[in-house]
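Read the figures in this text as sums done on the coordinates, not as results from a lab. Keep in mind that this is a model prediction, so the values were computed, not measured. For neighbour counting, all protein chains shown are included, and Cβ atoms are generated from backbone atoms with ideal geometry for every residue, glycine included.
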Amino acid sequence: MRNAYIDALYELAGKDERVLALVADNGAIVYDKFRAAYPGRFINFGIAEANMIGVAAGLASCGKVPFTYTIASFLTMRAFEQIRNDVCMQRMNVKLVGIGAGFVYSNLGATHHATIDMSIMRALPGMTVFSPSGPLEARKITKEAARIDGPVYIRLSVGGSPEIYEADYEFETGKGVILRDGPETVDAAIFTTGGIITEVLKAHGELRHMGINARVVNVHTIKPIDKDIIIASAAKTRVVITVEEHSIIGGLGSAVAEVIAENGIAARFKRIGLQGVFAGGYGTYDDMKEMNGLSANAIVSETIDCVNMK
Amino acid sequence: MRDRPNLLNDKAEEIRRSIFKMICDGGGGHIPASLSIVEILVALYYEVLNVTPATICDPGRDRFILSKGHACVTLYAVLADLGFFDKSALDTFGRRGSILGGHPDMLKIPGVEASTGALGHGLPFGAGIAMAAKMDNRDFKVFVVMGDGECQEGSVWEAAMFAAQHRLDNLCVIIDYNRLQAMDELDKIVSVSPLADKWRAFGWQVKEADGHNIKKLVDLCTALPFQPKKPSMIIANTIKGKGVSFMENEPIWHYRMPNGQEMRVACNELGIDPK
């Protein structure tokens, strides 16, 4: 995902000289090509995220298009007031790209996990929030971010994340993508976002073996949320499940819940994600998924419970 | 006809009257912090800055950022006097429907470059503008007015290092060094002294001046950069509450409204017809 982003940024920079790459002491090696081609347009701020965002807003006020990049937890939280005041309040065309979505930096611990970033970015007036599922989507979203005139947050997993799409597809901001669907009837609609989609797809396969047909929707845009696909899917199945590598407070689950509640839809509803806690434990990324209730197995059993309660 | 320095001193007095009336009529505001920067803004806007109501969108204009946004009424009075917006707007300060609130909004007010209010934001923003000017080979200057208490914010020092690292000699910060913050004297809370030495140590070229002497401020602001390839800093020694005797150097007035008797004294001192 990271490499797809940086490749797309490199291409954007070639076409538009206003595009700048701003980092806060990270991106060694991966930015080499960008730095070599556009040395004056790559700025390393050192370990000073708040200053990076404040300066980015100043640059944007002069017509530049800064893509700021650092670890998602530091980017969104250390510099939050700069994002709110300097970028959003002043409607500056600054892009925020957070690396290390969820707990992908597994054994580095909770300081390095981004598990409330979607909640706080979504709350900001004027902010568009993207959560790509893999390399292809990260690339499309990066290009889309450049097209949008205003603040954008992109939540990236790490490099080496698998591709979930088998073929190219039409990307549209705020339009969910149905990745799997039942043959005729559907027992549950599962809305998910970001790198954890791979677990949801595994769970979908297992559920199908068990005779449970689930629709899987990739919600690559957390804000604006795709109301239509939520309303249509919920009305069809009456069992709605959200899966996010993030707190269940304020992120995808909350966004979907808001749409369901405000549209008078009666559905059995379950948010799978961190239940208001920091991600616990150390180990591999897969270990972390298991320990924090986000493995394919956990998603399968939660889905079965929900469907059976119907 | 009177000479220019005297005219500007008269202008400063006129701005003081405007500030006091605006806040008293508007029902609240930061009077002493606003009175503290009157000469600084008069020097900049009437003698230094290359910006007019006709050039507020010109990419080559000089930029002024009031990082201590709570002193915005001074900026409002100056901008209105210079015709950036209609003077009648000053009578609406702080009221429903007004473009003028207790902190400046760049989306609403012609001539305002930054929506400030939270402290420690103006310098990084200004440094970004200065950097864009360097990238585009433009020769305009960026002026940022900060409070001394504001230097307690960490983001100020992040930007201080950044500006020196990138040799932003088109950037000039003026610190309103009135030695008071909301609750008390800085030295009794968290001292920022030795202020000049701190900034020098961070790679800035620093000069000090009487912050109420317009001519001296103009002389400094038209001799920039103080040293090529270094950002410039003017430490303006000021009196918080300048012009209203009982407010001068008294921390209690930071965000307080005068009562009837106090109002009469202040109006008398500032030369306002008490009506």
(request) Mind putting a number on the dipole of the protein assembly as shown about its Cα centre? Charges go on the C-beta only, +1 for Lys and Arg and -1 for Asp and Glu, and I need it in Debye to the nearest 20. (result) 480
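Quick check: from the Cα gyration tensor, does region A:177-309 come out rounded (a/c under 1.5), prolate or oblate? The partial results should precede the final answer.
On the way: a/c = 1.74, a/b = 1.22, b/c = 1.42.
It comes out oblate by the Cα gyration axes.
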(message) With angles folded into 0 to 90 degrees, how steeply does helix A:227-237 sit against the dominant principal axis of chain A? Use alpha carbons for both and round to 10.
(response) 20
(request) Rounded to whole Hz and in sequence order, give me ³J(HN,Hα) for region A:273-282 from the Karplus expression 6.51 cos²θ - 1.76 cosθ + 1.60, θ = phi - 60°, writing x for Gly and Pro. (result) x, 6, 7, x, 10, 6, 5, x, x, 10
(request) Specify the residue with the greatest mean-square fluctuation among B:PHE64, B:PHE84, B:PHE20, computed from a Gaussian network of chain B linking alpha-carbon atoms under 10 Å apart. (result) B:PHE84
(message) Cross-link candidates for A:LYS236: which lysines have Cα within less than 22 Å, leaving aside residues fewer than 8 places away along the same chain?
(response) A:LYS175, A:LYS227, A:LYS270, A:LYS310
(request) Under 9 Å from the Cβ of A:VAL186, count the other residues' Cβ atoms, weight Lys and Arg +1, Asp and Glu -1, and hand me the total. (result) -1
(message) Modelling each spin label as a point 7 Å along the Cα-to-Cβ direction, I'd like the B:ILE99/B:ASP197 distance in nm, to one decimal.
(response) 4.7
(message) Using alpha carbons only, how many angstrom separate the centre of region B:1-76 from the centre of region B:162-222?
(response) 19
(message) Taking amide H atoms as placed 1.01 Å from N in the peptide plane, list the residues 5 or more away in sequence, or in a different chain, whose amide H sits under 5 Å from that of A:GLY46.
(response) A:ASP25
(message) Check which residues have an amide H placed less than 5 Å from A:THR70's amide H, if you skip close sequence neighbours.
(response) A:VAL97, A:ILE99
(message) Shape verdict for region A:2-156, please, from the Cα gyration tensor: rounded (a/c under 1.5), prolate (a/b greater than b/c) or oblate.
(response) rounded
(request) Just tell me how shielded A:39-50 is by partners: mean number of partner chain Cβ atoms within 10 Å of each residue's Cβ, no decimals. (result) 3
(request) Compute the long axis of helix A:197-209 from its Cα atoms, compare it with the longest principal axis of the Cα atoms of chain A, and write down the angle in degrees, 0 to 90, nearest 10. (result) 20
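Averaged across the residues of B:133-141, what count of C-beta atoms belonging to other chains lies within 10 Å of each residue's C-beta? Kindly include the intermediate steps, with their values, before the conclusion.
Details: counts 2, 1, 9, 4, 0, 1, 0, 1, 0.
The shielding value for this peptide is 2.
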(message) If packing is taken as the average count of other Cβ atoms within 10 Å, what order do A:79-87, A:271-279 fall into, highest mean first?
(response) A:79-87, A:271-279
(request) Enumerate the calculated ³J(HN,Hα) couplings along region A:5-20 in order (Karplus 6.51 cos²θ - 1.76 cosθ + 1.60, θ = phi - 60°), each rounded to whole Hz, writing x wherever the residue is Gly or Pro. (result) 4, 5, 4, 5, 5, 4, 5, 4, 4, x, 9, 9, 6, 6, 6, 10
(message) So if I take the centroid of the Cα atoms in region B:226-241 and the same for region A:106-153, what is the distance between those two points in Å?
(response) 40
(request) Pop the C-beta distance of B:TYR255 and A:ALA37 into the FRET formula with R0 = 41 Å and round what comes out to the nearest 0.05. (result) 0.20
(request) Beyond 26 Å between alpha-carbons counts as too far, so tell me which of A:LYS15/B:LYS230; B:LYS188/B:LYS229; A:LYS95/A:LYS223 fall in that bin. (result) A:LYS15/B:LYS230; B:LYS188/B:LYS229
(request) Return the long-range amide H neighbours of A:LEU274 (sequence gap of 5 or more, or a different chain), with a cut-off of under 5 Å between placed amide H atoms. (result) A:HIS246, A:SER247, A:ILE248
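For a quick protection proxy, order the peptides A:89-101, A:174-186 by their average other-Cβ count within 10 Å, most packed first. Don't skip to the end; give the middle numbers.
Working: A:89-101: 24.9, A:174-186: 15.0.
With the highest mean Cβ count within 10 Å placed first, the list reads A:89-101, A:174-186.
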(request) Rounded to whole Hz and in sequence order, give me ³J(HN,Hα) for region B:69-74 from the Karplus expression 6.51 cos²θ - 1.76 cosθ + 1.60, θ = phi - 60°, writing x for Gly and Pro. (result) x, 5, 9, 4, 4, 5
(message) I need the peptides B:128-138, B:246-256, A:134-144 ranked by packing, meaning the mean over residues of other C-beta atoms within 10 angstrom, with the highest value on top.
(response) A:134-144, B:128-138, B:246-256
(request) Work from the charge dipole of region B:4-270 (Cβ charges, +1 for Lys and Arg, -1 for Asp and Glu, about the Cα centre) and give the residue of B:VAL244, B:ASN178, B:GLN152 farthest towards its positive end. (result) B:GLN152
(message) Once you order the gyration tensor axes a ≥ b ≥ c over the Cα atoms, which shape class does region A:19-103 get: rounded for a/c under 1.5, otherwise prolate or oblate by comparing a/b with b/c?
(response) oblate
